[in-house]
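Q: Here it is, the structure, as structure tokens.
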């Protein structure tokens, strides 16, 4: 059973969002890293790039698959997790912690309300099985 | 480097050529320079010359070289050793006679820019091969220039683009969609993209066939340039609606491209041209037995209808004269509608020689006989394994048969494990996880080059592995057990790629 | 058919085993109206003896294959040690597939890793792939890669690049939204001339060949500086890879991508193919490389092996977003080149290059001294050079062939109508002094009368 922490927001693309003030931290869910397998490379944007909600901000690769990364909410990238360049395996070992990917300045906090709660995301995972 | 040994046997631990190198060893001897030597500074100022004395390039004697490559060669599986049942790869016997033909001095030593009158034999080889491929496919226009299957695809799709641009003028810009089934080989969408097309995916039906309703729906939008279809498809099933498929695409103003990877099921039995296909590429390194060489060279001729013929790459190989007079052969570049060149010179001529030798050795009867034998062998495996492995589709297979790991995976043994365990039984694994639409796919193509007893051994091995998967899954999960190295950590290799050797002291700091 | 193990009788029994009455029933899923009713119109089978006679007869009509030759221009006669073909004919190499199952393909994988390393060493680059079809398609892929890396859409291509390579690049970029812009040849030096203003922030790459099509060694360092100042990449094309044994490596000169034709490394001329394309670049562009890559990997016990790696760049995973559509490459020819580079080794590669340069210099001097002949270009050369003859080059070549049984080189009019009197002469270590002297004497004779 995939780990789905309570305090986060989720998208149907299997990204999570942690909101702190007007900053959001984004990564992929435990379910996503698990179905992808050993992550070997993460391609991330540059600080300062701006994306709309659902915009492709990068990609994550396993040995034999590539998944695009979609930003759950729109905003400007303020920080990227540079350590993933050397240790992409953090996405597997700690998807909600050291495996975070980008921080963004939220363009519209109202967009957060459109995301799934932990309970809703768990239901969504069940419905996908 | 201090590597753990694969076994104490020295042939199992052959180092890299760089690690084997000893200063002062040499494996060659050239004739002494027979002209007056010009001081090197007069020939070429020092700023244009290498200053590194090729440091790091190996220094080995001839026996060192021969032992090195002989030892590492023994770590390879190969067709001559046994069944190589990679689906959609057609690993058939590579005739030694064809190898001999390709090495005849009059071909091997012929420079590609020799004048046409000095290269008549080579041009005749190409012309005759073109004629036979046209007959085999039922498509009269042929270019031998593409160097591999994907290269032939790119060529064919570019021809479609050029045809539409000429036919529709500016309106052609409204036709930029290439339809590709979800079961297709990855080269198809990549080739379509190179020609400026957007890819739309067609669903397959539960029978493993192209979904005609979905095809009609996509064609109705009016922006379809064409369809890329493999037939028999990558599920090993003949698209029995092929004529209707071609009609739908043609009625929508598009053209049909056929990926000829699976022509080994059709040669001498049915022709793509008769089915409504407009352009096809063949893989001489599959159907016509030119050796795979551990990943090439290939050769991917394009065959097309007379409507598409003006768009073939240049130069074309043509015949002149004949009809009582002497026939001669020439290169013709005066084709204003051609897509241009896709390769320097004329294609992988050495492969053309081997393919022509293959066709002439088989003759008209032998070509069909090979097709029958190939399909029969696949059917034999299909029947032999029907009770043991899950078959996603019920249609009878052509030259390759598709199974899945559905029954075995419940106990933890997946397709990858089954494939690796097959190695312990002395067989090369089948194509795995392809086509992508079938979970845990195992695509088996025995070809005609294997006898009944060996087919039965393969069937028995697969059944035995299925039994092991239930009774002793660890045996399967840990396979292979008999090779000099075990499963390699591909994730670690991709995270910190080491793509070349470096001297140890430098490697430490790099 | 002797290549089919199962006899007709065995096949009949197998048909029964699978529940069929005849071979025709194997094809029941094919609509009846497209089943061939008559045999193919191809000849009856030939025996081995007949087949060899047929091919020997055709080979005999390739008269150019028997003559001493001074043809280069993208395909070169070099000495190929006997061990190369002997090792290539091992079943384990030539009848193996692409190494998808690493545990039983380590021979192929290790050889490719050695190939990649040797290509890096010779070109002076960081990473090289497992091969491309040939030099021309490698150059086209380099142009596409430059656009991916820089996201710029114009590429400045030297007019001294092999004309067929240029033609191939034009085909490849026709629908890629890339504009190829020509950089002319300086008529005094024979080198590429990059005009002021030709380079701006829209240019993705400068593509130059060295030695160029006219044999001239380019000033790569200066060209790299010009390209980099504009934020463009320098792509260096090498058609005569033997030159790498003598010339400063493109990597040391500042190239970002090096593509080359590897035919010079022990691969027969074979009327233009199969050859092998080399493709090397800087570490930072490794993930933008087209084609296959082999890397080091370890098993659970820590034993070193090799695997295909960074596969997510490739078509079988990324499909239409792949860095290239290439799948099958030139594996066996890359192996031939690997064996060549290993056998010749550190000293041999340099000796071959030195002999080529010396013999070409000897020939060039003699021909230039002939009445009416001149050398139009001042730049240094490696083993190829242009001479301007007092008469149409095509006529001279025809007479050399018929009267002296020599292939004297390439008439540049084949590619450039405006150069009727220019002859491109290539001299390698395989041309003896006697052959060179015969060429000089022949040129003298056919221009005197």
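Q: Of the residues B:363, B:294, which is at the interface with another protein chain (Cβ under 10 Å from one of its Cβ atoms) and surrounded by fewer than 19 Cβ atoms within 10 Å (Cβ to Cβ)? Show your work before the answer.
A: Values: B:294 fails: surrounded by fewer than 19 Cβ atoms within 10 Å (Cβ to Cβ).
Of B:363, B:294, the one residue that is at the interface with another protein chain (Cβ under 10 Å from one of its Cβ atoms) and surrounded by fewer than 19 Cβ atoms within 10 Å (Cβ to Cβ) is B:363.
Q: In the set B:64, B:80, which member is modelled with pLDDT of 95 or more and more than 8 Å from chain C (Cβ to nearest Cβ)? Write out each step before concluding.
A: On the way: B:80 fails: more than 8 Å from chain C (Cβ to nearest Cβ).
Only one candidate passes the filter, namely B:64.
Q: Out of (1) under 22 Å from residue B:423 (Cβ atoms); (2) at the interface with another protein chain (Cβ under 8 Å from one of its Cβ atoms); (3) surrounded by fewer than 16 Cβ atoms within 10 Å (Cβ to Cβ), what's the single condition that is false for residue B:89?
A: It is condition (3) that residue B:89 fails.
Q: Can you report the number of residues in region B:1-16 which are more than 7 Å from chain C (Cβ to nearest Cβ) and in a loop (DSSP other than H, G, I, E, B)? Quick ask: steps written out before the conclusion?
A: Taking region B:1-16 first, the residues more than 7 Å from chain C (Cβ to nearest Cβ) are B:1-2, B:5, B:7-15.
Keeping just the survivors that are in a loop (DSSP other than H, G, I, E, B) gives B:1-2, B:5, B:7-9, B:13-15.
The number of residues fulfilling the criteria is 9.
Q: Looking at C:164, C:114, can you tell me which residue is farther than 30 Å from residue C:413 by Cβ, buried (at least 20 other Cβ atoms within 10 Å of the Cβ) and facing chain B (nearest Cβ under 9 Å)?
A: On the way: C:164 fails: farther than 30 Å from residue C:413 by Cβ.
The unique qualifying residue is C:114.
Q: Of all residues being crowded, with 24+ Cβ neighbours inside 10 Å and within 18 Å of residue C:161 (Cβ to Cβ) in region C:244-253, which is farthest from the other protein chains (Cβ to nearest Cβ)? Just the residue, please.
A: Here the answer is C:250.
Q: Of the residues C:40, C:71, C:46, which is under 30 Å from residue C:162 (Cβ atoms), in a loop (DSSP other than H, G, I, E, B) and either without any contact (Cβ under 8 Å) to a residue 40 or more places away in the chain or facing chain B (nearest Cβ under 7 Å) (or both)? Please lay out each step first, then the result.
A: Details: C:40 fails: under 30 Å from residue C:162 (Cβ atoms); C:46 fails: under 30 Å from residue C:162 (Cβ atoms).
Selected residue: C:71, the only one of C:40, C:71, C:46 that is under 30 Å from residue C:162 (Cβ atoms), in a loop (DSSP other than H, G, I, E, B) and either without any contact (Cβ under 8 Å) to a residue 40 or more places away in the chain or facing chain B (nearest Cβ under 7 Å) (or both).
Q: Separate question: Restricting attention to region C:20-37, which residues are assigned to a loop (DSSP other than H, G, I, E, B) and touching a helix residue (DSSP H, G or I) at 6+ places or on another chain (Cβ under 9 Å)?
A: So the first thing to find is which residues in region C:20-37 are assigned to a loop (DSSP other than H, G, I, E, B), and the list is C:20-22, C:28-31, C:36-37.
Within region C:20-37, C:20, C:21, C:22, C:30, C:31, C:36 qualify.
Q: Of all residues in region C:404-436, how many are buried (at least 22 other Cβ atoms within 10 Å of the Cβ), within 12 Å of chain B (Cβ to nearest Cβ) and not in a loop (DSSP other than H, G, I, E, B)?
A: Summing the residues that are buried (at least 22 other Cβ atoms within 10 Å of the Cβ), within 12 Å of chain B (Cβ to nearest Cβ) and not in a loop (DSSP other than H, G, I, E, B) in region C:404-436 gives 7.
Q: Let me ask something else about it. Need the failing condition index for residue C:222 against (1) closer than 27 Å to residue C:150 by Cβ; (2) free of Cβ contacts under 8 Å to residues at least 12 places away in the same chain; (3) surrounded by 24 or more Cβ atoms within 10 Å (Cβ to Cβ), just the number.
A: (3)
Q: Need pairs with beta-carbon distance below 7 Å; first residue within 7 Å of another protein chain (Cβ to nearest Cβ) and without any contact (Cβ under 8 Å) to a residue 12 or more places away in the chain and within region C:316-336, second part of a loop (DSSP other than H, G, I, E, B) and crowded, with 24+ Cβ neighbours inside 10 Å; sequence gap 6+ or separate chains.
A: Listed pairs, sorted by first residue: C:322/C:314.
Q: Looking at A:22, A:108, A:113, which one is surrounded by fewer than 19 Cβ atoms within 10 Å (Cβ to Cβ), free of Cβ contacts under 8 Å to residues at least 12 places away in the same chain and over 24 Å from residue B:416 (Cβ atoms)?
A: On the way: A:22 fails: free of Cβ contacts under 8 Å to residues at least 12 places away in the same chain; A:108 fails: free of Cβ contacts under 8 Å to residues at least 12 places away in the same chain.
Criteria check complete, one pass: A:113.
Q: Sticking with this structure for a sec: Testing residue A:13 on (1) modelled with pLDDT of 95 or more; (2) over 18 Å from residue A:87 (Cα atoms), one condition comes back false. Which one is that?
A: (1)
Q: Can you tell me which residues in region B:67-77 are facing another protein chain (nearest Cβ under 7 Å) and either touching a residue at least 60 places away in the same chain (Cβ under 8 Å) or closer than 14 Å to residue C:247 by Cβ (or both)?
A: Residues satisfying the conditions are B:74, B:75, B:76, B:77.
Q: Here's another thing I want to ask about it. With the requirement that a residue be closer than 28 Å to residue A:91 by Cα and at pLDDT 95 or above, what does region B:498-510 give you?
A: B:498, B:499, B:500
The rows are residues; the columns are (1) facing chain B (nearest Cβ under 9 Å); (2) outside any helix (DSSP H, G or I); (3) out of contact with any strand residue (DSSP E or B) (no Cβ under 8 Å at 6 or more places or on another chain).
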position: C:143; (1), (2), (3): no, no, no
position: C:152; (1), (2), (3): no, yes, no
position: C:177; (1), (2), (3): yes, yes, yes
position: C:181; (1), (2), (3): no, yes, no
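Q: Restricting to region B:116-133, give me the number of residues that are touching a helix residue (DSSP H, G or I) at 6+ places or on another chain (Cβ under 7 Å) and facing chain C (nearest Cβ under 7 Å). I'd like the intermediate steps shown before the answer.
A: Of all residues in region B:116-133, those touching a helix residue (DSSP H, G or I) at 6+ places or on another chain (Cβ under 7 Å) come to B:116, B:118-119, B:121-126, B:128-129, B:132.
Now drop any that are not facing chain C (nearest Cβ under 7 Å), which leaves B:118-119, B:121-122, B:124-125, B:132.
Qualifying residue count, region B:116-133: 7.
Q: Right, something else. Starting from residues that are in a helix (DSSP H, G or I), modelled with pLDDT under 95 and over 16 Å from residue B:405 (Cβ atoms), keep the ones in region B:439-483 and report whichever is farthest from the chain's Cα centre (by Cα).
A: In this case the residue turns out to be B:471.
Q: Only one of C:103, C:56, C:92 is assigned to a helix (DSSP H, G or I), farther than 18 Å from residue B:372 by Cβ, at the interface with chain B (Cβ under 7 Å from one of its Cβ atoms) and touching a strand residue (DSSP E or B) at 6+ places or on another chain (Cβ under 7 Å); which? Can you show your working first?
A: Numbers: C:103 fails: touching a strand residue (DSSP E or B) at 6+ places or on another chain (Cβ under 7 Å); C:56 fails: touching a strand residue (DSSP E or B) at 6+ places or on another chain (Cβ under 7 Å).
Every option except C:92 fails the conditions.
Q: Identify, from the list B:173, B:220, the residue that is surrounded by fewer than 23 Cβ atoms within 10 Å (Cβ to Cβ) and closer than 30 Å to residue C:170 by Cβ. Steps first, answer last, please.
A: On the way: B:220 fails: closer than 30 Å to residue C:170 by Cβ.
None of the others qualify; the one that does is B:173.
Q: Something else: If I filter region B:316-340 down to residues being in a loop (DSSP other than H, G, I, E, B) and within 24 Å of the chain's Cα centre (by Cα), which single residue comes out as farthest from residue B:123 (Cα to Cα)?
A: Residues of region B:316-340 in a loop (DSSP other than H, G, I, E, B): B:322-326, B:333-340.
Now drop any that are not within 24 Å of the chain's Cα centre (by Cα), which leaves B:339-340.
Values: B:339: 22, B:340: 20 Å.
It comes out as B:339.
Q: Somewhere in region C:259-266, is a residue at the interface with chain B (Cβ under 9 Å from one of its Cβ atoms), modelled with pLDDT of 95 or more and in contact with a helix residue (DSSP H, G or I) (Cβ under 8 Å, 6 or more places away or on another chain)? Step through it out loud before you land on a result.
A: Step one: list which residues in region C:259-266 are at the interface with chain B (Cβ under 9 Å from one of its Cβ atoms), which gives C:261.
Imposing the further condition that a residue be modelled with pLDDT of 95 or more reduces the set to C:261.
Those left that are additionally in contact with a helix residue (DSSP H, G or I) (Cβ under 8 Å, 6 or more places away or on another chain): C:261.
For region C:259-266, residues at the interface with chain B (Cβ under 9 Å from one of its Cβ atoms), modelled with pLDDT of 95 or more and in contact with a helix residue (DSSP H, G or I) (Cβ under 8 Å, 6 or more places away or on another chain): present.
Q: Residues that are within 8 Å of chain C (Cβ to nearest Cβ) and in contact (Cβ under 8 Å) with a residue 24 or more places away in the chain, at least 1 per element: which helices (runs of 4 or more DSSP H) completely within region B:180-285 meet that? Please lay out each step first, then the result.
A: Numbers: elements: B:187-194, B:212-219, B:242-251, B:272-275.
Passing ranges, in order: B:187-194, B:242-251, B:272-275.
The values are calculated or read from the model by the stated rules, or taken from the named source; none is laboratory data. Quick caveat: nothing in here was measured; it's all calculated off a predicted structure. Quick reminder, even Gly has a Cβ in these numbers, built from the backbone with ideal geometry, and neighbours come from all protein chains shown.
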